[in-house]
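A.B. asks: First the structure, then my questions, so here it is.
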Amino acid sequence: MSQSELSGQDQTTNGSGRSIFWFAATTLLGAFLVFQVQPVISKCVLPWFGGTPAVWTTCMLFFQLLLFAGYLYAHLLRTFFRPAVQGMIHLALLVTAALMLPIEPSDAWKPIGSEAPMFYLLWMLTVHVGLPYFVLSSTGPLVQAWLSYQDESDRVYRLYALSNAGSLIALLSYPFIVEPMLSVSDQTIVWSLMFCLFVVVQGVIATGLFRSHERIPPREQITPSPPTVCVTWKTRAAWIALPALASTMLLVITNHVCQDIAVIPFLWVLPLSLYLISFIICFDSPEWYRPKLTAAATLFAIMTIQVEHFLPDSVQLLAEACCYMLTLLGVCLLCHGEVARIKPNASQLTQYYVMLSAGGAMGGILIALICPTVLNTFIELPLTMGIVTAFSGVLFFACRGWRETEYDWSAAHRLRYPAILLMLAPLLTIALAPKDQTIASDRNFFGVLAVVKNEQGLRLVHGSTIHGMQRLGDDSNKPTTYYGHESGIGLAITSLQQRNPALRIGVVGLGCGVLAVYGRSEDDFDMIEINPAVVEIANHHFSFLADSQANIRTHLGDGRLVLERMPQAKFDILVLDAFSSDAIPAHLLTREAIRLYQSRLALGGVLAFHVSNNHLNLTPLVHRLAQDAGMSSRVIRGSADQAEGINQSIWVLAGSNHLALWSDELLQEAKPATPEELSAAPLWTDQHHNLISVLRIW
């Protein structure tokens with residue numbers, strides 16, 4: 001909504017209402033807080049669940065469900081209560097929600113590792129942020145419904161575009177402004193203060209309802225209402241199905257692009273931004289929606305994805321990611337454009353929004369809850385792509401013109417069989433395709449793990465990240481990937497074994513168990529792993545653990561939480577190996593974490609950080625943390641040897657400042673931090689850390 005429109009309507013009241021400024025301010029602030037609380041509360045609880053991306057997916061599911069509940073509340077409030085009673089009820093709810101602040105969970109909520117992580121997280125969110133978010137989620141439809149008492153024209157729907165603009169601002173500001181500037185506790189405090197401001201702003205509108213009557217002003221004082229859309233069961237089904245398809249496509253493409261194509265920090269922001277932009281475009285002005293052109297662009301992107309393997313290797317990944325993003329934007333524009341095209345008049349707007357939110361929640365339940373439970377792979381991607389291809393094709397051929405939104409549905413009906421074939425094509429392709437070398441796959445809260453076989457051996461893969469490899473035949477007991485004899489960890493273990501008859505080694509991040517090959521019969525290993533599927537696969541598909549001579553104990557849970565429950569443990573080497581992907585568990589690289597690790601080291605013990613990462617430069621950070629803790633640190637960069645299955649690796653070793661405790665071999669291979677590295681390095685704490693400070697800049 002433009003400033004001129006706001007100014008021109010500022011004085012538009014019905015004697016007991018409020019100027020449109022208050023409606024717009026409430027909508028914008030409420031939407032901003034809705035999308036700010038999601039990353040804020042996610043960051044609060046992320047460390048307790050291993051820093052996994054599934055925390056964000058589960059939080060999105062929770063917020064989608066609560067959004068539906070808020071929209072339903074707005075609909076029931078509008079349907080069954082007079083305006084004055086609506087204002088009283090909502091004021092009471094606003095005050096109660098404000099009393100629930102602050103939203104940061106206490107340490108008493110830390111999981112012990114035996115809980116079902118998804119349901120425990122959903123319960124924790126319900127207790128701490130449920131009521132404030134419920135109130136915020138009802139803002140959009142409720143404020144528009146209250147505005148319709150003054151104006152029944154289509155202008156009320158433009159507040160929905162304003163709402164999504166506020167959400168987009170919140171989404172983009174968090175990783176680049178809020179997170180770098182504010183600690184976690186400060187984020188919750190600032191959000192709570194802004195929520196109190198929201199209570200005041202919306203309270204102004206609610207109190208105006210005390211003198212309001214559900215009467216529309218004289219006809220000459222308002223813009224005439226548009227003709228009422230006939231609301232049939234087919235229309236209501238479309239209100240649910242179209243947002244469900246858009247929500248499903250958002251989550252499916254986000255999972256695929258961020259895990260399988262480009263493991264790049266903050267990439268998840270782009271698809272969610274495109275999703276919000278589609279709402280802004282479709283609800284701000286109907287003239288912006290061009291279904292035939294949008295469907296054509298979507299089909300072009302989908303076809304390009306099918307042939308992208310013919311492109312040069314240097315541009316394949318970029319082209320694929322761009323095409324998936326264009327497909328997502330096109331599908332969201334088509335879904336939300338069609339939903340906006342068949343919207344009812346303002347008197348039915350709350351019912352309309354309830355069904356839109358129900359569709360969004362259904363997409364979230366399908367991808368975040370049902371698929372991880374019943375599927376072992378991301379098969380929902382090809383299935384969804386088949387559906388959107390058929391949907392886009394039908395709209396393209398049914399739309400009468402490039403600049404029109406009128407359809408020849410008889411033409412669409414004639415395309416029903418080709419559309420069905422397009423939807424079934426992915427299943428046929430999967431069934432007829434030659435079987436690859438994936439010999440096992442498991443999917444749970446933490447994502448999809450696959451055991452892949454090639455000519456060298458077996459690899460444990462999570463998306464595009466490799467978590468270890470075992471060679472075949474006589475070489476099966478040799479260390480591979482990042483753990484070779486010349487790697488930092490290989491040199492550290494060998495050096496300490498030469499000086500100690502027995503070692504106790506702790507490992508945070510099991511992978512397929514490669515480090516177990518270094519174990520002697522006198523050595524003890526404590527393997528800490530948060531994902532139970534990793535433990536199962538390491539034991540059943542790889543033989544590192546079974547063949548090791550060492551005494552191996554496996555602990556299930558987050559690394560820090562497990563170490564906190566082991567106060568008597570004293571490790572000669574503590575290995576931190578959880579930083580290979582972009583979704584690193586940042587809570588394992590903070591000042592408080594280093595203090596915990598130090599307390600678990602034996603005299604002369606060494607911390608070994610595996611920091612090989614394509615997009616994050618973690619080496620200066622670890623050096624700075626070690627210096628802050630009074631430790632000496634050195635980096636060892638290992639070379640690749642493809643024939644031996646060895647990858648390039650970066651290990652940072654930290655230990656006592658007494659150089660006598662470091663072997664000559666280690667001192668020869670390891671390089672200390674430069675003054676420039678230390679001066680430019682961030683110092684993360686539990687309250688203040690962000691990925692921007694460690695992003696690699698080329």
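A.B. asks: Can you tell which of ALA161, ALA145 is assigned to a helix (DSSP H, G or I), farther than 19 Å from ILE205 by Cα and at pLDDT 80 or above?
C.D. replies: ALA161
A.B. asks: If we keep just the residues of the stretch 563-585 that are of a type in the set (A, V, I, L, M, F, W, C) and either open to solvent by 30 Å² or more (accessible area, probe 1.4 Å) or within 13 Å of ASN531 (Cβ to Cβ) (or both), which is nearest to the chain's Cα centre (by Cα)?
C.D. replies: ALA583
A.B. asks: Let me ask something else about it. So in the stretch 388-428, with the set limited to residues that are aromatic (Phe, Trp, Tyr) and part of a helix (DSSP H, G or I), which one is nearest to the chain's Cα centre (by Cα)?
C.D. replies: PHE391
A.B. asks: Right, another one. Quick check on my filter: what residues within the stretch 594-651 are among the polar types (S, T, N, Q) and either in a strand (DSSP E or B) or at pLDDT 95 or above (or both)?
C.D. replies: Answer for the stretch 594-651, where residues must be among the polar types (S, T, N, Q) and either in a strand (DSSP E or B) or at pLDDT 95 or above (or both): SER632, SER633, SER649.
A.B. asks: In this structure, does PHE32 turn out to be modelled with pLDDT of 90 or more, among the aromatic types (Phe, Trp, Tyr) and under 32 Å from the mean Cα position of the chain (by Cα)?
C.D. replies: yes
A.B. asks: Hey, another quick one. Can you tell me which residues in the stretch 440-454 are farther than 9 Å from ALA533 by Cβ, of a type outside the set (Gly, Ala, Ser) and modelled with pLDDT of 85 or more?
C.D. replies: If the condition is that a residue be farther than 9 Å from ALA533 by Cβ, of a type outside the set (Gly, Ala, Ser) and modelled with pLDDT of 85 or more, then VAL451, VAL452, LYS453 are the ones that fit.
A.B. asks: For residues that are at pLDDT below 85, open to solvent by 10 Å² or more (accessible area, probe 1.4 Å) and within 13 Å of the chain's Cα centre (by Cα), tally how many sit in the stretch 247-264.
C.D. replies: Summing the residues that are at pLDDT below 85, open to solvent by 10 Å² or more (accessible area, probe 1.4 Å) and within 13 Å of the chain's Cα centre (by Cα) in the stretch 247-264 gives 7.
A.B. asks: Continuing with the same structure: Might you let me know whether the stretch 271-284 holds any residue that is at pLDDT 85 or above, open to solvent by 30 Å² or more (accessible area, probe 1.4 Å), more than 25 Å from ASP151 (Cβ to Cβ) and over 22 Å from the mean Cα position of the chain (by Cα)?
C.D. replies: Among the residues of the stretch 271-284, not one is at pLDDT 85 or above, open to solvent by 30 Å² or more (accessible area, probe 1.4 Å), more than 25 Å from ASP151 (Cβ to Cβ) and over 22 Å from the mean Cα position of the chain (by Cα), which makes the answer no.
A.B. asks: Could you grab me the full set of residues in the stretch 586-604 that are within 19 Å of ILE489 (Cβ to Cβ) and open to solvent by 10 Å² or more (accessible area, probe 1.4 Å)?
C.D. replies: Of everything in the stretch 586-604, those that are within 19 Å of ILE489 (Cβ to Cβ) and open to solvent by 10 Å² or more (accessible area, probe 1.4 Å) turn out to be GLN598, ARG600, LEU601, ALA602, GLY604.
A.B. asks: Also, I was wondering about something else. State whether one or more residues within the stretch 471-489 are more than 29 Å from GLY655 (Cα to Cα) and open to solvent by less than 20 Å² (accessible area, probe 1.4 Å).
C.D. replies: Looking for residues that are more than 29 Å from GLY655 (Cα to Cα) and open to solvent by less than 20 Å² (accessible area, probe 1.4 Å), one finds none in the stretch 471-489, hence no.
A.B. asks: Given the conditions (1) closer than 26 Å to TRP288 by Cα; (2) in a loop (DSSP other than H, G, I, E, B); (3) open to solvent by 10 Å² or more (accessible area, probe 1.4 Å), which single one is not true for THR377?
C.D. replies: The failed condition is (1).
A.B. asks: Cβ-Cβ distance below 9 Å, separation of 6 or more or different chains: which pairs start in the stretch 459-478 with a residue that is over 15 Å from GLY513 (Cα atoms) and end on one that is in a strand (DSSP E or B) and open to solvent by 30 Å² or more (accessible area, probe 1.4 Å)?
C.D. replies: As it stands, the answer is LEU472/LYS453, since those pairs meet every condition given.
A.B. asks: Somewhere in the stretch 105-119, is a residue part of a loop (DSSP other than H, G, I, E, B), closer than 17 Å to TRP191 by Cα, modelled with pLDDT under 85 and within 22 Å of the chain's Cα centre (by Cα)?
C.D. replies: Scanning the stretch 105-119 turns up at least one residue that is part of a loop (DSSP other than H, G, I, E, B), closer than 17 Å to TRP191 by Cα, modelled with pLDDT under 85 and within 22 Å of the chain's Cα centre (by Cα).
The values are calculated or read from the model by the stated rules, or taken from the named source; none is laboratory data. What you see is a predicted model, and the numbers here were worked out from it, not measured in a lab. Quick reminder, even Gly has a Cβ in these numbers, built from the backbone with ideal geometry, and neighbours come from all protein chains shown. Heavy atoms of the whole protein, side chains included, go into the accessibility calculation; ligands, DNA and RNA do not. Shrake-Rupley method; radii C 1.70, N 1.55, O 1.52, S 1.80 Å.
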